[in-house]
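Following: one structure in structure tokens, then a few remarks.
The values are calculated or read from the model by the stated rules, or taken from the named source; none is laboratory data. The shown structure was predicted, so the numbers you read here are calculated from the model rather than taken from an experiment. Cβ: placed from backbone, ideal geometry, glycine included. Neighbour counts: every protein chain shown. Just the protein is used for accessible areas: all its heavy atoms, side chains included, with ligands, DNA and RNA removed. Shrake-Rupley method; radii C 1.70, N 1.55, O 1.52, S 1.80 Å.
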2 protein chains.
Amino acid sequence: MSNRPAATTPPTSADVARLAGVSRATVSFVLNDTAGGRVGEQTRQRVRAAAAELGYVPHAAARSLRAGRTGVVLLAGSAAPIGPLFSEFYRELQGALRRHGYTSVLYGPSPGEGDEPARAWAELRPAAVLCMEPVLTPAGVDLLHRSGTRAVFSMSTAPVAGAHALIIDQPEVGTVAGAHLLAAGRRRLGVVIPADPELDQFSGPRLAGVRAAAASAGTGPVETLSLDYTEASGAAAAARCRELGLDGVFCYNDEYAMLLQRSLQDLGVDVPRQVALVGADDLLLGRLLRPRLSTVGMTLLSGETLATLIDQAIADPTAPPGTQNLLTLRLITRDSS
Amino acid sequence: MSNRPAATTPPTSADVARLAGVSRATVSFVLNDTAGGRVGEQTRQRVRAAAAELGYVPHAAARSLRAGRTGVVLLAGSAAPIGPLFSEFYRELQGALRRHGYTSVLYGPSPGEGDEPARAWAELRPAAVLCMEPVLTPAGVDLLHRSGTRAVFSMSTAPVAGAHALIIDQPEVGTVAGAHLLAAGRRRLGVVIPADPELDQFSGPRLAGVRAAAASAGTGPVETLSLDYTEASGAAAAARCRELGLDGVFCYNDEYAMLLQRSLQDLGVDVPRQVALVGADDLLLGRLLRPRLSTVGMTLLSGETLATLIDQAIADPTAPPGTQNLLTLRLITRDSS
DNA sequence: CATGGCTGCTTACACGTGCAAGCGTTACAC
DNA sequence: GTGTAACGCTTGCACGTGTAAGCAGCCATG
């Protein structure tokens with residue numbers, strides 16, 4: 001980060017006051033429409049004109065320093081390539097937070113270990129932190145609270161002590177898919193796992209869910225197929241699938257499912273006769289392949305709803321942390337299973 | 001935005017100073033490892049221990065108020081559903097900016113008209129603004145500069161006066177695709193336009209590019225097919241395509257292309273014999289359909305490169321705004337054209 | 001022993017803002 | 001004519017930080 005001085009300093013409210021021939025307080029009263037401050041109409045106009053002429057813009061840092069609160073909601077997390085579903089969700093959430101008067105700051109992947117991420121977030125004195133990565137510790141939550149953060153939300157599979165929990169029941173995705181395959185009479189199950197390690201936090205729990213379903217049905221072990229989302233890797237996974245004699249595969253999402261389906265077909269394997277496939281996300285594209293892809297449809301809580309939840313939690317920081325399920329699942333059976 | 005007072009105020013450097021039995025300046029010297037400030041080793045340890053005990057975290061707003069600069073890079077724009085290509089790009093850019101010592105703030109869709117967006121951005125006193133929506137005006141750029149923003153970047157088809165230009169040559173995407181279809185002997189061209197009005201800023205220029213190619217080849221008018229990314233809409237577009245007797249269609253991107261291709265095939269139209277298709281983005285999924293989808297492959301500048309560019313522009317705000325092409329195109333001919 | 005420099009720390013100000021309290025003037029009621 | 005209230009504006013402090021300048025004490029040098 002470079003630190004050369006600016007060419008010219010931006011106008012402050014003092015400059016506006018000077019130009020309008022009034023005190024700085026008057027400027028503040030006028031520009032903020034403060035209830036208590038009574039200012040005559042012609043003075044108001046002089047102040048507004050002066051502000052416009054100078055191109056005055058208030059200084060958010062100074063304002064929130066004085067006010068003691070920032071109106072920043074920190075969205076911490078990798079903003080990973082987690083598909084259109086979550087992209088749309090963030091988009092919605094961000095718009096809704098804006099409507100509630102908050103500024104959302106995307107913090108990106110968390111630096112460091114232990115408390116470091118929480119410490120870095122706390123520097124911004126956000127009103128709330130929404131953590132979407134599995135890096136939040138109870139100690140981190142405590143640190144945030146002690147530094148004035150009014151609400152901390154964790155968005156993950158399991159709750160974090162002290163934080164409001166937004167549960168994304170990843171295992172249930174696997175369980176729904178696994179139970180479906182088992183109910184259709186499949187017995188040798190496999191699960192496609194993305195090779196990208198950043199997706200492990202999502203794929204691991206889903207795999208566990210399939211295993212749980214298999215265990216309760218009393219079938220054999222569930223195999224894993226690693227896929228790095230290239231055609232070559234797809235062919236390898238398809239070959240391995242045939243070797244292992246799998247007859248039902250749950251794929252991490254529809255994109256991976258489509259790749260595996262094509263690779264299996266290229267190998268002469270009949271889908272769904274020999275191998276049944278289930279994806280996740282219900283992408284439109286999954287309906288374009290033949291056979292049409294079966295999938296686990298997922299609906300997230302609306303951004304507006306979550307924004308309201310966050311606003312309430314900020315309003316009452318003393319309320320005990322709640323738990324909210326973010327995800328609604330439904331199995332959509334098409335032709336691939 | 002709710003504004004109840006916090007339960008307890010966070011510790012400040014004054015609290016740390018009191019606990020360590022030193023002055024506040026000493027605390028600052030120790031915690032920032034300031035070169036000029038000379039502090040004895042045992043005092044350093046006392047200060048560090050006190051800071052740890054209180055859970056002290058510096059106040060970013062106060063710090064940047066005092067410093068006069070923020071290290072914030074504002075990424076303004078809708079963060080629209082613009083596909084995996086741009087998602088990955090933002091992700092990279094954000095990480096690279098972090099590495100350069102900046103905090104990236106995603107501002108989301110811009111509020112208001114005229115100068116309002118620029119005014120809202122300026123409140124944060126960002127070191128740089130990167131605007132990815134066509135809402136930046138020369139007056140807005142000027143306002144930002146006058147309020148201390150050291151570098152303004154516009155990311156769009158055409159440059160904006162006063163701002164560094166990151167050109168995304170959308171028309172060229174259409175031109176490349178159109179020229180290809182024309183070279184293959186197609187004469188009745190069509191272009192698929194997403195119904196989502198938020199994508200008009202991208203689809204419009206691409207359409208113009210196709211029209212330019214058609215004009216220079218001296219063919220008839222280029223038709224447009226509106227598509228809202230549902231199967232029903234795909235069927236309608238395919239029917240219209242046949243009615244119009246089109247023999248070559250450029251689709252906004254691969255997803256729309258895949259939908260149209262499937263819809264045409266369901267209608268019994270032979271792709272590419274009767275209608276040739278070209279998409280854009282070179283998605284892996286486009287290779288899974290049969291025939292494999294021809295596409296305009298796009299490569300963006302690396303996030304690291306852009307971050308370096310931004311850093312340099314911040315370091316020297318007086319340098320005249322430069323122009324940089326963000327996009328590299330290449331036509332990938334497969335089987336659908 | 002006086003001078004000067006170094007060490008280790010403190011005092012004091014500035015950054016830009018919001019708001020409580022104060023203060024002079026006018027208007028009105030008694 | 002005097003008390004009182006409302007109006008219209010200003011003075012002054014606080015928010016939490018970084019850093020220039022200053023100030024004792026100490027040692028080395030002359």
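Examine segment A:276-283 for a residue that is on the phi > 0 side of the Ramachandran plot and within 33 Å of the chain's Cα centre (by Cα), and state whether such a residue exists. The answer is yes; a qualifying residue exists.
The number of residues in segment B:213-228 being away from chain A (no Cβ under 14 Å) and either under 33 Å from the mean Cα position of the chain (by Cα) or part of a helix (DSSP H, G or I) (or both) comes to 11.
Okay, residues lined up against (1) farther than 30 Å from A:Phe202 by Cα; (2) at pLDDT below 90:
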site: A:Ala25; (1), (2): yes, no
site: A:Gly37; (1), (2): yes, yes
site: A:Thr70; (1), (2): yes, no
site: A:Pro81; (1), (2): no, yes
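Taken together, B:Thr8, B:Thr70, B:Thr12, B:Thr43 contain a single residue that is within 16 Å of DNA strand D (Cβ to nearest atom), closer than 18 Å to B:Ile310 by Cα and of a type outside the set (D, E, K, R), which is B:Thr70. Taking the criterion of being in contact (Cβ under 8 Å) with a residue 60 or more places away in the chain, more than 8 Å from every other protein chain (Cβ to nearest Cβ), open to solvent by 20 Å² or more (accessible area, probe 1.4 Å) and closer than 22 Å to B:Met132 by Cα, would at least one residue in segment B:91-101 satisfy it? There is at least one residue in segment B:91-101 that is in contact (Cβ under 8 Å) with a residue 60 or more places away in the chain, more than 8 Å from every other protein chain (Cβ to nearest Cβ), open to solvent by 20 Å² or more (accessible area, probe 1.4 Å) and closer than 22 Å to B:Met132 by Cα. Can you tell me which condition B:Glu231 does not meet? The list is (1) open to solvent by less than 50 Å² (accessible area, probe 1.4 Å); (2) within 14 Å of another protein chain (Cβ to nearest Cβ), and all the others hold. Answer for B:Glu231: the failing condition is (1).
Of the candidates B:Val22, B:Val57, B:Val30, the single residue that is crowded, with 17+ Cβ neighbours inside 10 Å, within 11 Å of DNA strand D (Cβ to nearest atom) and more than 18 Å from A:Asp142 (Cβ to Cβ) is B:Val30. Checking A:Leu293, A:Leu289 one by one, the residue that is closer than 18 Å to B:Leu289 by Cα, surrounded by 18 or more Cβ atoms within 10 Å (Cβ to Cβ) and facing chain B (nearest Cβ under 10 Å) is A:Leu289 and no other.
Scanning segment A:7-27 for residues that are closer than 18 Å to B:Ser147 by Cα, near DNA strand C (Cβ under 7 Å from one of its atoms) and away from chain B (no Cβ under 14 Å) turns up just one, A:Ala14.
Only one of the numbered conditions (1) touching a strand residue (DSSP E or B) at 6+ places or on another chain (Cβ under 8 Å); (2) open to solvent by 40 Å² or more (accessible area, probe 1.4 Å); (3) away from DNA strand C (no atom under 16 Å from the Cβ) is violated by B:Asp115, and that is (1). Here the condition is being more than 11 Å from chain B (Cβ to nearest Cβ), among the hydroxyl-bearing types (Ser, Thr, Tyr) and under 11 Å from A:Val191 (Cα atoms); of A:Tyr252, A:Tyr256, it holds for A:Tyr252 alone. Every listed requirement among (1) in the same structural domain as B:Pro197 (by TED's automatic domain parsing); (2) more than 22 Å from A:Glu255 (Cα to Cα); (3) of a type outside the set (Gly, Ala, Ser); (4) in contact with a helix residue (DSSP H, G or I) (Cβ under 9 Å, 6 or more places away or on another chain) is met by B:Leu283 save one, (2).
Quick one: would you say B:Arg66 is of a type in the set (D, E, K, R), closer than 22 Å to A:Thr70 by Cβ and more than 8 Å from chain A (Cβ to nearest Cβ)? Yes: the conditions hold for B:Arg66. The single condition among (1) open to solvent by 50 Å² or more (accessible area, probe 1.4 Å); (2) modelled with pLDDT under 95; (3) not assigned by TED's automatic domain parsing to the domain that holds B:Cys241 that B:Thr305 does not meet is (2). Test A:Thr137 against the criterion of being more than 13 Å from chain B (Cβ to nearest Cβ), without any contact (Cβ under 8 Å) to a residue 40 or more places away in the chain and either open to solvent by less than 20 Å² (accessible area, probe 1.4 Å) or not acidic (Asp, Glu) (or both), and give yes or no. Yes, satisfied. Selection of first residues in segment B:223-249 that are farther than 18 Å from B:Arg188 by Cα and in the same structural domain as B:Ala213 (by TED's automatic domain parsing) and of second residues that are modelled with pLDDT of 95 or more and in a loop (DSSP other than H, G, I, E, B), restricted to Cβ pairs under 6 Å at least 6 apart or on distinct chains, gives the following pairs, ordered by first then second residue: B:Asp228/B:Ala195.
When restricted to residues that are over 19 Å from A:Val141 (Cβ atoms), among the hydrophobic types (A, V, I, L, M, F, W, C) and out of contact with any Leu (no Cβ under 6 Å at 6 or more places or on another chain), segment B:37-54 contains 4.
Of all the residues in segment A:30-42, those that are farther than 24 Å from B:Arg146 by Cβ and not in a loop (DSSP other than H, G, I, E, B) number 2.
Among the conditions (1) without any contact (Cβ under 8 Å) to a residue 24 or more places away in the chain; (2) open to solvent by 10 Å² or more (accessible area, probe 1.4 Å), A:Pro159 misses just one, which is (1). Residue-level check: of (1) at pLDDT 95 or above; (2) more than 11 Å from DNA strand C (Cβ to nearest atom), A:Thr43 misses just (1). Checking each residue in segment A:308-337 for being open to solvent by less than 20 Å² (accessible area, probe 1.4 Å) and within 11 Å of chain B (Cβ to nearest Cβ) picks out A:Ile310, A:Ala313, A:Ile314. Of all residues in segment B:259-283, those satisfying the criterion of being touching a residue at least 60 places away in the same chain (Cβ under 8 Å), within 12 Å of chain A (Cβ to nearest Cβ) and among the aliphatic types (A, V, I, L, M) are B:Leu260, B:Leu283.
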